[in-house]
Amino acid sequence: MTTTTLDIHQILKKLPHRYPFLMVDRVVALEKGQRIRAIKNVTANEEFFNGHFPRRPVMPGVLMLEALAQAAAILAFETLGQEPDENTVYYFAAIDGARFKRPVEPGDQLILEATLGRMKAGIFKFQARALVGEEVAVEADLTCAMRSIA
C-alpha cells in the first residue's frame, strides 16, 4: 500500500479553489481508494473571523465541512487517477450526521480525515472528521458528486 503526500503546489493542481476559499494546506497521507489525512492551518487573518465572531473568533461549521469536502475531492481525483479540468465540478450531494464537538479558533491546526466508503457513477460516500490535536471538532458522512458542466 503506497502512501502519498502533497504540498500546496500539488494541491493547487488538484483543486479549483483559490484563496480565500482553498481549505487544504497540505496532504500528509493519502491511500488511493482508501483514506486521506490533510491539514488546514487556521490563522487569525482568515476573512471569516472578522464577522464570526469579532470578540470570540470561531471557524464556521460550514467551512469545516467544506475543508473536509475538499480533502475528500483530492482523494476522489487521486483514486480515479484524474486531474480536474474546467469542465468538471465536485458538488456536495448530502451531509449526514454532522456533529460539531469543539470550536475551532485562530492558531488551531485542523486535521482533516476522510475515508472512502463507496464510489459509483461519479458519486462518492465518505466518513469524515476534523480534529484539533486529539479532539474531534466535527464529524459527518459526506456524499459528493463529480459532474461534467461542459
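Go through (1) modelled with pLDDT of 95 or more; (2) within 25 Å of T143 (Cβ to Cβ); (3) over 15 Å from the mean Cα position of the chain (by Cα); (4) surrounded by 13 or more Cβ atoms within 10 Å (Cβ to Cβ) for L6 and report which single condition fails.
(3)
Of the residues that make up the stretch 61-72, is at least one in contact with a helix residue (DSSP H, G or I) (Cβ under 7 Å, 6 or more places away or on another chain) and over 24 Å from F124 (Cβ atoms)?
no
Among the residues of the stretch 15-38, are any surrounded by 12 or more Cβ atoms within 10 Å (Cβ to Cβ), of a type in the set (S, T, Y) and out of contact with any Lys or Arg (no Cβ under 7 Å at 6 or more places or on another chain)?
no
Taking the stretch 45-74, which residues are in a loop (DSSP other than H, G, I, E, B), at pLDDT 95 or above and surrounded by fewer than 22 Cβ atoms within 10 Å (Cβ to Cβ)?
Hits for the stretch 45-74 are P57, V58, P60.
Scan the stretch 109-125 for residues that are within 14 Å of the chain's Cα centre (by Cα) and either more than 17 Å from V24 (Cα to Cα) or aliphatic (A, V, I, L, M) (or both) and jot them down.
L110, I111, L112, A114, L116, F124, K125
Condition check: aliphatic (A, V, I, L, M), touching a strand residue (DSSP E or B) at 6+ places or on another chain (Cβ under 6 Å), at pLDDT 95 or above and not in a strand (DSSP E or B). Does V24 satisfy that?
Yes; evaluated as a whole, the condition is true for this residue.
Does G81 qualify as being loosely packed, with under 11 Cβ neighbours inside 10 Å and not charged (D, E, K, R)?
yes
So, in the stretch 10-44, how many residues would count as being more than 24 Å from M119 (Cα to Cα) and free of Cβ contacts under 8 Å to residues at least 12 places away in the same chain?
Of the residues in that region, 2 qualify.
In the set D96, D141, D85, which member is charged (D, E, K, R), part of a loop (DSSP other than H, G, I, E, B) and without any contact (Cβ under 8 Å) to a residue 60 or more places away in the chain?
D85
Quick check, is G51 over 24 Å from Q10 (Cβ atoms) and over 12 Å from the mean Cα position of the chain (by Cα)?
yes
So in the stretch 99-138, with the set limited to residues that are of a type in the set (D, E) and not in a loop (DSSP other than H, G, I, E, B), which one is surrounded by the most Cβ atoms within 10 Å (Cβ to Cβ)?
The residue in question is E113.
State whether the residues of the stretch 115-131 include one that is of a type outside the set (A, V, I, L, M) and more than 16 Å from L75 (Cβ to Cβ).
No, because not a single residue in the stretch 115-131 is of a type outside the set (A, V, I, L, M) and more than 16 Å from L75 (Cβ to Cβ).
The values are calculated or read from the model by the stated rules, or taken from the named source; none is laboratory data. Everything numeric here is computed off the predicted structure, so don't read it as measured data. Positions of Cβ are generated from backbone atoms using ideal geometry, with glycine treated the same way; all protein chains shown enter the neighbour counts.
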